[in-house]
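**Q** Just passing along the structure, written as structure tokens.
The values are calculated or read from the model by the stated rules, or taken from the named source; none is laboratory data. For clarity, every value in this text was computed on a predicted model and none was experimentally measured. Positions of Cβ are backbone-derived with ideal geometry, glycine not excepted, and every protein chain shown enters the neighbour counts. Please note that ligands, DNA and RNA were not included when accessible areas were found on the heavy atoms of the full protein model with its side chains. Shrake-Rupley method; radii C 1.70, N 1.55, O 1.52, S 1.80 Å.
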Amino acid sequence: MASPDYSHHFSIHNLPYGIASSSTHPTPQCATRLNNTVIFLGDLQRDSFFSAIPDLPALVFEEATLNRYAALPKRVHHHVREILQSVLASKGVDGLPERSRENVETVKMHLPIEIPNFTDFSCSLNHVQNAGRAILNNPTPPPGFFHFPIGYTGRASSVVVSGTRIVRPRGHIRDRTKAKPNPTSPNGESEREEPNDDVIYGPSRALDYELELGFVVGVPVDAHQGLEAKDAEEYLFGVVVVNDWSARDIQSLEMVPLGPLNGKSFNTTISPWIVTFEALAPFRAFEG
């Protein structure tokens, strides 16, 4: 079966960033994409394609993650995007060296950034109510929800790029596969049966994922540095699509009284392409 064609998502107005390799580019490096063509930015930088940008560090696009590039000032990101768009608008991909471009079908995509930490937030009242209903059978929001963002710190080492095989986790769950007689009835026999809440160890029977949006922090924030919401965008590099995998039966047992542990720590997948805020700017609906 042919792969779905997502080329229309990768127009000249997008130009996202990722980390790619191929048979002719065995070492992963920074890349962007136009339609179905992956463009290796390390090759372009070696050819002095970005020589007009004095603040662009040497060999930054040859690194195997986007972390160092993402931490650069936004004016540098804008200048790189401006140069790429100018050449691609006038000459298309033929305006780039042939060795710097490959069809997406021949390219392997990697995790685009090294992730030292990530936080999962409840994004709305509906979200937190639905999560409470699904996990704890209680839709009541936590007391702090109306005062500050509700979130938890995830296991950063579990984040993988989209397409990675997910292994069904094992853990402690309530065994509700069988019912047991109502113990209050005579001789233990009754037409009404109680659920069996014995705790067993085994593979999750309630595996799912939530489709979420991930915000990539480019400029580091010191652990003891305060940051106001109005200033956050200066520190953000772009967004990724996130599949937040959850073993709900494992999670529901371990979340009383603490937060999620093994039910949420086995894998989180993110898209290989980071879409920049500059690409999203025309779709801004309001000013914060």
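**Q** Tell me which residues, restricted to the stretch 58-80, are loosely packed, with under 14 Cβ neighbours inside 10 Å and charged (D, E, K, R).
**A** Residue satisfying the conditions is Arg75 alone.
**Q** So which residues in the stretch 81-108 are open to solvent by less than 40 Å² (accessible area, probe 1.4 Å) and under 26 Å from the mean Cα position of the chain (by Cα)?
**A** Restricting attention to the stretch 81-108, the residues satisfying the condition of being open to solvent by less than 40 Å² (accessible area, probe 1.4 Å) are 81, 83-84, 87-88, 92-93, 95-97, 100, 102, 104, 107.
Across the stretch 81-108, the qualifying residues are Arg81, Leu84, Glu102, Val104, Val107.
**Q** What single numbered condition from (1) out of contact with any Asp or Glu (no Cβ under 6 Å at 6 or more places or on another chain); (2) farther than 19 Å from Val240 by Cα fails to hold for Ser100?
**A** If we test Ser100 against (1) out of contact with any Asp or Glu (no Cβ under 6 Å at 6 or more places or on another chain); (2) farther than 19 Å from Val240 by Cα, just (1) comes out false.
**Q** Here is a follow-up. I'm trying to understand the selection: among the residues of the stretch 111-133, which are in contact (Cβ under 8 Å) with a residue 12 or more places away in the chain, crowded, with 17+ Cβ neighbours inside 10 Å and not aromatic (Phe, Trp, Tyr)?
**A** Hits for the stretch 111-133 are Leu111, Pro112, Ile113, Ile115, Asp120, Ser122, Val128.
**Q** Sticking with this one: If you check Asp208 against the conditions, is it in contact with a helix residue (DSSP H, G or I) (Cβ under 7 Å, 6 or more places away or on another chain), more than 23 Å from His78 (Cα to Cα), exposed (fewer than 14 other Cβ atoms within 10 Å of the Cβ) and free of Cβ contacts under 8 Å to residues at least 60 places away in the same chain? Give the steps one after another, and end with the answer.
**A** On the way: in contact with a helix residue (DSSP H, G or I) (Cβ under 7 Å, 6 or more places away or on another chain): yes; more than 23 Å from His78 (Cα to Cα): yes; exposed (fewer than 14 other Cβ atoms within 10 Å of the Cβ): yes; free of Cβ contacts under 8 Å to residues at least 60 places away in the same chain: yes.
Yes: the conditions hold for Asp208.
**Q** For the stretch 221-252, give me each residue that is in contact with a helix residue (DSSP H, G or I) (Cβ under 8 Å, 6 or more places away or on another chain) and open to solvent by 80 Å² or more (accessible area, probe 1.4 Å). Give the steps one after another, and end with the answer.
**A** Step one: list which residues in the stretch 221-252 are in contact with a helix residue (DSSP H, G or I) (Cβ under 8 Å, 6 or more places away or on another chain), which gives 221, 227, 233-234, 236-239, 248, 251-252.
Correct list: Glu234 only.
**Q** Another question, then. Report every pair of residues separated by at least 6 positions or lying on different chains whose Cβ atoms are under 7 Å apart, first residue within the stretch 147-169 and modelled with pLDDT of 95 or more, second in a loop (DSSP other than H, G, I, E, B) and of a type in the set (Val, Ile, Thr).
**A** Final answer for the pair search is Val159/Ile115.
**Q** Of these, Ser21, Ser48, which one is more than 24 Å from Ser90 (Cα to Cα) and either open to solvent by 10 Å² or more (accessible area, probe 1.4 Å) or of a type in the set (S, T, N, Q) (or both)? Break it down into steps so the answer makes sense when it comes.
**A** Values: Ser48 fails: more than 24 Å from Ser90 (Cα to Cα).
It is Ser21.
**Q** Going through the stretch 67-97 one residue at a time, which ones are free of Cβ contacts under 8 Å to residues at least 24 places away in the same chain, part of a helix (DSSP H, G or I) and touching an Asp or Glu at 6+ places or on another chain (Cβ under 9 Å)?
**A** Arg75, Val76
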